[in-house]
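Everything below concerns the one structure shown next.
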Amino acid sequence: MSAILHSDLNAFYASVEMMLDPKLRGKAVAVCGSTEDRHGIVLAKSELAKRAGVKTGMVNWEAQKRCKDLIIVPPQYEQYLKYSKLTQAIYQRYTDLIEPFGMDECWLDVSGSKMIYGDAVTIAENIRAATREELGLTVSIGVSYNKIFAKLGSDMKKPDAITEITVDNYRQKVWPLPVSEMIYVGPATTRKLAAYGVTTIGELAELDPTFLKRLLGVNGLALWTFANGADQSRVMHKDFVSPVKSIGHGITCVSDLLNEEEVWKVILELSQDVGHRLRIHGLSARTVQVGVRGNNLFGSQFQCKLPYKTQLPSEIAAMAFKAFKEHYNWATNVRAVTVRAIELVPKNQPEQFTLFTDHSQREKRERLEDAIEEIRSRFGKKAIRNAILMGDLKMPDDGRHTVKMPGLMYR
């Protein structure tokens, strides 16, 4: 039987801050975005702040009202990424089957490690001890025979704890839990199930799967499988890269963009990252999409078909800006912008050009971009850049784009 761990770093951002600054230990701490930069919400909180009623996503002033002694610190994303990688290095001592779920959570399959390092609980205990002693951080670890129950286990006891869910005890441990505790059961699904009197995981497990399919589609069948402990999703290898269907980069600006020139600067800067990531994956885009959100919080998306596939930032930016100018009506100023490359194809896929395409000019531009990419890889992203981007971009520069948010669990 499989031995799966789900390791969750406790209050990750706040714990890193307290580890870096020992004066914060034993105090109510919240890592918050800047109010001046319009990101004034709680990103993470310490255990003491949590007990005082501080919640993730709460605006700064409300958090301070809930907890009078709250210490607010700004995020240091580069440090969080560093300690995320250091924690994963500890996991790699026991297995190479490590599937991240965001920056602070990972599934580990230690089925093949038990003969060397002991049973799954022993391995979890070793990981917990090493993380505390070597990094000054704590983890809660769920131990089970599948990924779903392992994740539920890591949530049951916090902080710095291990919970085991087995074939013999999952009905006692898992089924009484609220159905909203299970992965992929969000507020909308919770409300739909509650309308039929289903409030616990056990009640979900006892439903007719055909009814769940009618109610929730194929996701209903998946949830029924999860609740009954029958999930067989495998933990992916640490080097696994999921198929890329689109590549995008978006940002909420530190102040409103008031005219087309300011929007163009942001689009051009975002396109640098999109082009870079296309190169990493060996892909080119056939279509560019630009997303815009005004200061009324309503958003729109526009897209343009490229005349030929590309991974050049200049061409991606030009097409995104064209789509913006043609469709945005300036009913409000612009608060956030996203540039996305879609309809991706391999870079080396043959393509038919027209007789009027200037092949030599495009080849020169591609060689120039190759040189720029090489310089940036050696000396940093800002070693060479467009002159127009040297001024005020109204873009945050605190490294938040490095944050890895939880995506889908691979199945």
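Would the chain count as rounded, prolate or oblate if I go by the C-alpha gyration tensor, calling it rounded below 1.5 in a/c and otherwise prolate when a/b exceeds b/c, oblate otherwise?
Here the chain falls in the prolate category.
Work out the length of the dipole vector of the chain about its Cα centre, built from +1 on the beta-carbon of each Lys and Arg and -1 on the beta-carbon of each Asp and Glu, and round it to the nearest 20 debye.
Around 380 debye, computed over the chain.
May I ask you to derive the relative contact order of the chain, considering only C-alpha pairs under 8 Å and at least 6 residues apart, and to give it as an integer percent?
With pairs under 8 Å counted, the relative contact order is 15 percent.
Can you give the Rg to Rh ratio for region 111-252, taking only C-alpha atoms and Rh from Kirkwood?
1.03
Let's see if you can work this out: charge +1 on each Lys and Arg Cβ, -1 on each Asp and Glu Cβ, no other charges. What is the dipole magnitude of region 197-331 about its Cα centre, in debye to the nearest 20?
Here the size comes out at about 540 debye.
If you fit an axis through the alpha-carbon atoms of helix 147-156 and take the longest principal axis of the Cα set of the chain, what angle between them do you get, 0 to 90°, nearest 10?
70
What's the angle, to the nearest 10 degrees (0 to 90), between helix 359-379's Cα axis and the longest principal axis of the chain?
The helix 359-379 is inclined about 50 degrees to the chain.
Considering only MET103, LEU81, ALA28, whose Cα is most displaced toward the positive end of the charge dipole of region 1-144, charges sitting on Cβ of Lys, Arg (+1) and Asp, Glu (-1)?
ALA28
Just from its helices, what would the mean residue ellipticity at 222 nm be for the chain, if runs of 4 or more DSSP H residues each count -39500 (n - 2.57) and the sum is divided by every residue, rounded to the nearest 500 deg cm²/dmol?
For the chain, the value works out to -11000 deg cm²/dmol.
Taking R0 as 56 Å, what's the FRET efficiency between LEU368 and SER2 from their Cβ-Cβ distance, rounded to 0.05?
So, using R0 = 56 Å, E works out to roughly 0.65.
Run the dipole for region 68-199 about the Cα centre, Lys and Arg Cβ at +1, Asp and Glu Cβ at -1, nothing else charged, and hand back the magnitude in debye, nearest 20.
In debye, rounded to 20, region 68-199 gives about 400.
Of the candidates SER84, SER242, SER360, which one comes out as most mobile in a Gaussian network treatment of the chain with C-alpha springs shorter than 10 Å?
Evaluated over the chain, the most mobile residue of the options is SER360.
In the chain, with Lys and Arg counted as +1 and Asp and Glu as -1 at Cβ, which of these residues, MET182, LEU204, LEU389, has the Cα nearest the positive end of the dipole, that is, farthest along it?
It is LEU204, whose Cα lies furthest towards the positive end.
If you count only protein heavy atoms with a 1.4 Å probe, what accessible area per residue comes out for the chain, rounded to a whole Å²?
Solvent-accessible surface per residue comes out at 51 Å².
Protein chains only, probe 1.4 Å: how do LEU212, LEU207, LEU86, LEU70 rank by accessible area, largest first?
Reading off the accessible areas and sorting them downward yields LEU86, LEU207, LEU70, LEU212.
Return the sequence-ordered ³J(HN,Hα) values of region 84-93 in whole Hz as given by the Karplus equation 6.51 cos²θ - 1.76 cosθ + 1.60 applied to θ = phi - 60°, using x for Gly and Pro.
Working through the residues one at a time gives 4, 5, 5, 5, 5, 5, 5, 4, 5, 5 Hz.
So for ASP155, ASP160, ASP69, what's the accessible-area order with a 1.4 Å probe, most first?
Accessible-area ranking of ASP155, ASP160, ASP69, largest first: ASP69, ASP155, ASP160.
Considering only protein heavy atoms and a 1.4 Å probe, what is the carbon-and-sulfur percentage of the accessible area of region 1-154?
Accessible surface attributable to carbon and sulfur in region 1-154 totals 52 percent.
The values are calculated or read from the model by the stated rules, or taken from the named source; none is laboratory data. These figures come from a predicted structure and were not determined experimentally. Every residue, glycine among them, receives a Cβ derived from its backbone with ideal geometry; neighbour counts consider all protein chains shown. Just the protein is used for accessible areas: all its heavy atoms, side chains included, with ligands, DNA and RNA removed. Shrake-Rupley method; radii C 1.70, N 1.55, O 1.52, S 1.80 Å.
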